[in-house]
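What follows is a short report on a single structure.
The values are calculated or read from the model by the stated rules, or taken from the named source; none is laboratory data. The shown structure was predicted, so the numbers you read here are calculated from the model rather than taken from an experiment. Ideal geometry is used to build each Cβ from the backbone, glycine not excepted, and the neighbour counts take in all protein chains shown.
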Amino acid sequence: MNQTVVLGGGLVGAVMALDLASETGRQVTLFDLDQKKLDFAKGQNEALQVQQADLSCPDMVRQIASNADTVLGALPSRFGHAALQAVIETGKPYCDISFMPEDAWQLSEMAQQSGTVAVVDCGVAPGMSNLLAGVAAHRLSPCRSIVIRVGGLPIDRQPPWQYKAGFSPHDVIEEYLRPARIVEDGEVVLREALSEPVLIDFPETGTLEAFNTDGLRSLTETLDVPNMLEQTMRYPGHRDLVWAMRETGLLNDEPIEINGCMVSPRELTCRMLFPKWTYEPGERDLTVMRVEAEGDLDGVPTRLSWDLYDELDPVTNWTSMARTTAFPATIMARMIESGIVSTPGVHPPEVLAADERVLDTLLRELAARGVTYREVLEPA
């Protein structure tokens with residue numbers, strides 16, 4: 001029986017574990033420090049094994065991975081890189097969705113030496129967005145531009161924020177702070193997070209506001225496309241509120257003295273803000289994404305795009321963001337096990353785009369789980 005472990009029992013990690021635990025011939029253990037998260041996940045499937053563990057400790061991750069056949073990671077970004085390195089040291093296959101600030105592929109040589117097959121950034125965005133961008137760059141010759149826009153939002157828009165976090169709120173704040181890498185005329189340039197907002201209309205959501213975030217990540221190094229951009233989308237007005245907080249200093253990490261106490265403005269802001277950004281059980285959310293590329297197909301200027309629109313599953317009550325992020329990782333883990341993805345190293349999804357089996361398998365298995373991508377090919 002395959003012994004599979006999932007590191008991190010948050011919104012996404014729990015769905016990863018539950019999706020895998022539904023499979024015969026597989027024993028899944030979900031690890032997290034928070035017993036409440038573990039109990040919640042086990043309450044949905046008694047066959048799922050759960051265990052408390054401090055996953056911020058690389059030695060603990062190494063010990064857990066060494067006893068597993070397959071490892072999946074869904075940790076907060078600040079723990080992702082150390083966990084990846086610990087798993088690589090065990091030589092076990094790994095599929096990870098952590099939005100780590102470090103460049104994970106810098107550990108690729110270590111993974112090659114240990115024989116580890118690791119696919120990172122394997123969620124929805126980064127993740128499916130990377131793979132689809134890679135497919136576009138592979139099909140179009142040349143591919144001149146790629147634009148990725150993605151957002152996870154509550155269906156019920158409650159002022160003032162009109163937003164709730166479908167994954168770690170700390171990682172959401174990181175998106176709003178980390179400078180965005182963009183490719184312009186073949187050169188990587190930096191833009192402030194939240195910069196250059198534009199309004200985009202979608203039939204299911206109405207008007208959304210898109211702004212720069214650091215979602216291209218590995219794409220700046222792996223794809224030879226002269227113009228690439230990734231933007232996060234929110235309901236109009238949310239970006240202005242976050243920008244005001246950031247410019248006021250409320251998201252600064254450096255502690256300041258208040259009445260003799262040293263306080264981190266960011267920690268205080270997060271403590272006050274996150275309860276308002278937390279979904280209630282069964283509260284409906286949506287995920288919307290568009291990956292759009294332009295280039296030539298057989299010498300004809302062509303636009304190739306994929307659209308995703310997804311909502312909370314009312315049967316399982318799994319949020320859309322959890323489902324659309326978790327399922328690519330679990331499907332990819334199965335592809336590693338089956339040998340479709342077999343080359344040792346640390347791989348972002350786009351480097352797998354030349355193998356049509358990868359995209360075909362992902363789209364087929366996602367559709368079987370109710371997550372559908374719509375492809376459009378049209379003259380540019």
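Checking the condition assigned by TED's automatic domain parsing to the domain that holds GLY215, under 25 Å from VAL341 (Cα atoms), in contact (Cβ under 8 Å) with a residue 40 or more places away in the chain and of a type outside the set (A, V, I, L, M), which residue from ARG144, ARG149, ARG139 passes? Spell out how you get there, then give the answer.
On the way: ARG144 fails: under 25 Å from VAL341 (Cα atoms); ARG149 fails: under 25 Å from VAL341 (Cα atoms).
Of the residues listed, the single one that is assigned by TED's automatic domain parsing to the domain that holds GLY215, under 25 Å from VAL341 (Cα atoms), in contact (Cβ under 8 Å) with a residue 40 or more places away in the chain and of a type outside the set (A, V, I, L, M) is ARG139.
Selection over segment 292-312 of residues that are buried (at least 17 other Cβ atoms within 10 Å of the Cβ) and among the charged types (D, E, K, R) gives a count of 5. The single condition from (1) touching a Leu at 6+ places or on another chain (Cβ under 6 Å); (2) closer than 19 Å to GLU337 by Cβ that SER22 fails is (1).
Among GLU196, GLU247, GLU257, which is the only one that is part of a strand (DSSP E or B) and either assigned by TED's automatic domain parsing to the domain that holds GLY152 or modelled with pLDDT under 95 (or both)?
Working: GLU196 fails: part of a strand (DSSP E or B); GLU247 fails: part of a strand (DSSP E or B).
Among GLU196, GLU247, GLU257, only GLU257 is part of a strand (DSSP E or B) and either assigned by TED's automatic domain parsing to the domain that holds GLY152 or modelled with pLDDT under 95 (or both).
In segment 20-40, which residues are acidic (Asp, Glu), surrounded by fewer than 24 Cβ atoms within 10 Å (Cβ to Cβ) and closer than 24 Å to TYR279 by Cα?
From segment 20-40, those acidic (Asp, Glu) are 23, 32, 34, 39; that's our starting set.
Applying the additional criterion that residues be surrounded by fewer than 24 Cβ atoms within 10 Å (Cβ to Cβ) yields 23, 34, 39.
Answer for segment 20-40, where residues must be acidic (Asp, Glu), surrounded by fewer than 24 Cβ atoms within 10 Å (Cβ to Cβ) and closer than 24 Å to TYR279 by Cα: ASP34, ASP39.
Restricting attention to segment 119-141, does a residue exist that is buried (at least 24 other Cβ atoms within 10 Å of the Cβ), of a type in the set (S, T, N, Q) and under 15 Å from the mean Cα position of the chain (by Cα)? Scanning segment 119-141, I find at least one residue that is buried (at least 24 other Cβ atoms within 10 Å of the Cβ), of a type in the set (S, T, N, Q) and under 15 Å from the mean Cα position of the chain (by Cα), so the answer is yes. Contact annotation: residue pairs with Cβ atoms under 6 Å, 6 or more positions apart or on different chains, pairing a residue in segment 224-236 that is of a type in the set (D, E, K, R) with a partner that is modelled with pLDDT under 95, are GLU230/GLY215; GLU230/LEU216. Of the residues making up segment 41-84, those that are surrounded by fewer than 20 Cβ atoms within 10 Å (Cβ to Cβ) and of a type in the set (S, T, N, Q) are GLN44, ASN45, GLN49, GLN51, GLN52, SER56, GLN63, SER66, ASN67, SER77. The single condition among (1) surrounded by fewer than 19 Cβ atoms within 10 Å (Cβ to Cβ); (2) under 20 Å from the mean Cα position of the chain (by Cα); (3) among the small types (Gly, Ala, Ser); (4) closer than 14 Å to ALA136 by Cα that ALA367 does not meet is (4).
Please find, within segment 212-232, the residue that is surrounded by the most Cβ atoms within 10 Å (Cβ to Cβ) out of those that are among the hydrophobic types (A, V, I, L, M, F, W, C) and in contact with a Lys or Arg (Cβ under 8 Å, 6 or more places away or on another chain). It would help to see each step written out before you state the result.
Residues of segment 212-232 that are among the hydrophobic types (A, V, I, L, M, F, W, C), as a first pass: 216, 219, 223, 225, 228-229.
Pick out the ones that are also in contact with a Lys or Arg (Cβ under 8 Å, 6 or more places away or on another chain) and you get 216, 225.
Numbers: LEU216: 25, VAL225: 23.
Among those residues, the one meeting the criterion is LEU216.
Scanning segment 311-322 for residues that are over 11 Å from the mean Cα position of the chain (by Cα) and within 19 Å of GLY10 (Cβ to Cβ) yields LEU312, ASP313, THR316, ASN317, TRP318, THR319, SER320. Regarding MET228, is this residue in contact with a strand residue (DSSP E or B) (Cβ under 6 Å, 6 or more places away or on another chain) and either closer than 24 Å to GLY152 by Cβ or in a strand (DSSP E or B) (or both)? The answer is yes for MET228.
Restricting attention to strands (runs of 3 or more DSSP E) lying wholly within segment 1-57, give those where 1 or more residues are touching an Asp or Glu at 6+ places or on another chain (Cβ under 8 Å).
On the way: elements: 2-7, 26-32, 49-52.
Result: 2-7, 49-52.
Yes or no: MET100 touching a helix residue (DSSP H, G or I) at 6+ places or on another chain (Cβ under 6 Å), within 23 Å of ILE173 (Cβ to Cβ) and touching a residue at least 12 places away in the same chain (Cβ under 8 Å)? Break it down stepwise before answering.
On the way: touching a helix residue (DSSP H, G or I) at 6+ places or on another chain (Cβ under 6 Å): yes; within 23 Å of ILE173 (Cβ to Cβ): yes; touching a residue at least 12 places away in the same chain (Cβ under 8 Å): yes.
Yes.
Residue-level check: of (1) within 24 Å of the chain's Cα centre (by Cα); (2) at pLDDT 95 or above, TRP277 misses just (2).
If you go through segment 15-39 and keep only what is among the β-branched types (Val, Ile, Thr) and in contact (Cβ under 8 Å) with a residue 24 or more places away in the chain, you end up with VAL15, VAL28, THR29.
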